[in-house]
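Let me begin by presenting the structure, written as structure tokens, before commenting on it.
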Amino acid sequence: MQNKALNRKGGGAEEVEQNSEREVGEMDNVITKTSSSSADSDITPPPPTSHLPPKKEPGGWRSVKYILGNESFEKLASMGLIANLTVYLQTRFNMDGIQLVNVFNIWSGSTNVTPLLGAFLSDTYLGRFRTLIFGSTASFLGMVVMSVTAGIPNLRPLGCTGGSNCQKPEYWQLGVLYLGLGLLAIGAGGVRPCNIAFGADQFDTRTEKGRAQLESFFNWWYFSFTVALVIALTVVVYVQTNVSWVIGYGIPAVCLLFSIVIFLIGKHTYIITKPQGTVFVDLAKVIVAACKKRAMSLESTPEHSFYDPPLIESDQRVKKL
């Protein structure tokens with residue numbers, strides 16, 4: 001009996017011990033899960049990485065390619081008109097002698113004067129980009145007017161009969177012709193002073209790399225100018241003289257349209273500087289100030305010695321040495 005009682009007590013003790021071990025294990029599992037969940041909550045997910053490509057800086061060769069394309073087509077169009085303008089006026093508008101010389105010289109002189117006004121407006125008010133846009137648009141409109149005069153017979157006088165009996169153009173016909181030539185002169189005033197300068201703005205000349213790229217740009221600019229000149233003086237002139245004046249003037253008009261489109265496509269790549277004034281204004285101020293102060297008498301005293309100011313201490317030491 002005593003052994004049975006002892007066995008019961010021993011079994012009860014073993015059950016109690018097993019239950020306590022089971023409770024301790026469950027508590028350990030709870031603590032482990034709690035610690036792991038808190039550790040997981042402390043770990044923050046990494047920020048999402050951006051896969052966007054880095055933004056390219058404006059300027060440089062990615063801008064110059066559009067400027068060179070604009071310059072090439074613009075020069076091809078303008079030189080294609082200038083090279084054969086006297087022949088067009090003589091054969092289609094029956095101009096000869098003094099009238100022909102006056103019209104061509106006045107227009108040619110205007111295209112050389114308007115760039116001075118265009119440079120002033122660009123440096124003072126508009127900036128080079130806007131001046132180029134306005135100039136290219138005016139040149140395109142002028143080229144369209146010239147093409148229209150070549151295509152519509154009513155805008156020109158009748159052809160010569162008998163070799164010498166030539167009808168003179170009416171005043172309104174000359175007005176349409178002068179309108180086209182005037183627009184071309186205005187366009188030259190906007191394009192000529194700004195094209196190569198706007199290309200030079202795309203390079204940082206404070207660095208050695210920028211100065212080398214600027215020299216290369218000048219080489220490519222003159223190369224494209226020469227190629228456009230050769231094409232204008234050969235292909236375009238041949239078409240105008242031997243094929244059709246409409247096609248011969250239509251080619252420069254289309255080239256000007258291409259030049260404007262190419263220039264606008266590259267707008268997002270340009271370095272566009274703000275107008276910073278012009279030297280002509282400073283020259284005018286100097287002239288006005290000199291006229292106002294022409295009666296001023298300068299005394300030879302140290303207080304009014306404008307042309308020979310007194311030496312400062314450092315300059316006196318240098319002079320003694």
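The values are calculated or read from the model by the stated rules, or taken from the named source; none is laboratory data. Computed from a prediction, not measured in an experiment: that's the story for all the values here. Here the Cβ positions follow ideal geometry from the backbone for every residue, glycine too, while neighbour counts run over all protein chains shown.
Summary table
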read-out	value
Any pair with Cβ under 8 angstrom, 6 or more apart, that starts in segment 179-206 at a residue that is among the hydroxyl-bearing types (Ser, Thr, Tyr) and modelled with pLDDT under 95 and ends at one that is surrounded by fewer than 22 Cβ atoms within 10 Å (Cβ to Cβ) and not in a loop (DSSP other than H, G, I, E, B)	205/211; 205/214
Of all residues in segment 55-76 being basic (Lys, Arg) and over 11 Å from the mean Cα position of the chain (by Cα), the one that is surrounded by the fewest Cβ atoms within 10 Å (Cβ to Cβ)	55
Residue list for segment 147-183, restricted to those being assigned to a helix (DSSP H, G or I) and in contact with a Leu (Cβ under 7 Å, 6 or more places away or on another chain)	148, 149, 173, 176, 183
Residue within segment 158-166 that is buried (at least 21 other Cβ atoms within 10 Å of the Cβ) and touching a residue at least 24 places away in the same chain (Cβ under 8 Å) present	no
Per-region count, segment 238-254, residues surrounded by fewer than 18 Cβ atoms within 10 Å (Cβ to Cβ) and in a helix (DSSP H, G or I)	7
Check on residue 219, under 25 Å from residue 133 (Cα atoms), of a type in the set (S, T, N, Q) and assigned to a helix (DSSP H, G or I)	yes
Tally of residues being assigned to a loop (DSSP other than H, G, I, E, B) and at pLDDT 85 or above across segment 269-302	6
Residues being of a type in the set (Ser, Thr, Tyr) and closer than 19 Å to residue 171 by Cβ - total across segment 89-108	0
All positions within segment 255-271 that are surrounded by 15 or more Cβ atoms within 10 Å (Cβ to Cβ) and either more than 20 Å from residue 196 (Cβ to Cβ) or of a type in the set (Asp, Glu) (or both)	257
Filtered residues of segment 201-228 (kept if of a type in the set (A, V, I, L, M) and crowded, with 16+ Cβ neighbours inside 10 Å)	214, 228
Leading residue by the ranking (farthest from residue 84 (Cα to Cα)) among those in segment 170-197 that are surrounded by fewer than 22 Cβ atoms within 10 Å (Cβ to Cβ) and touching a Lys or Arg at 6+ places or on another chain (Cβ under 8 Å)	197
Residue within segment 303-316 that is part of a helix (DSSP H, G or I), at pLDDT 55 or above and either in contact with a Ser or Thr (Cβ under 6 Å, 6 or more places away or on another chain) or more than 29 Å from residue 142 (Cα to Cα) (or both) present	yes
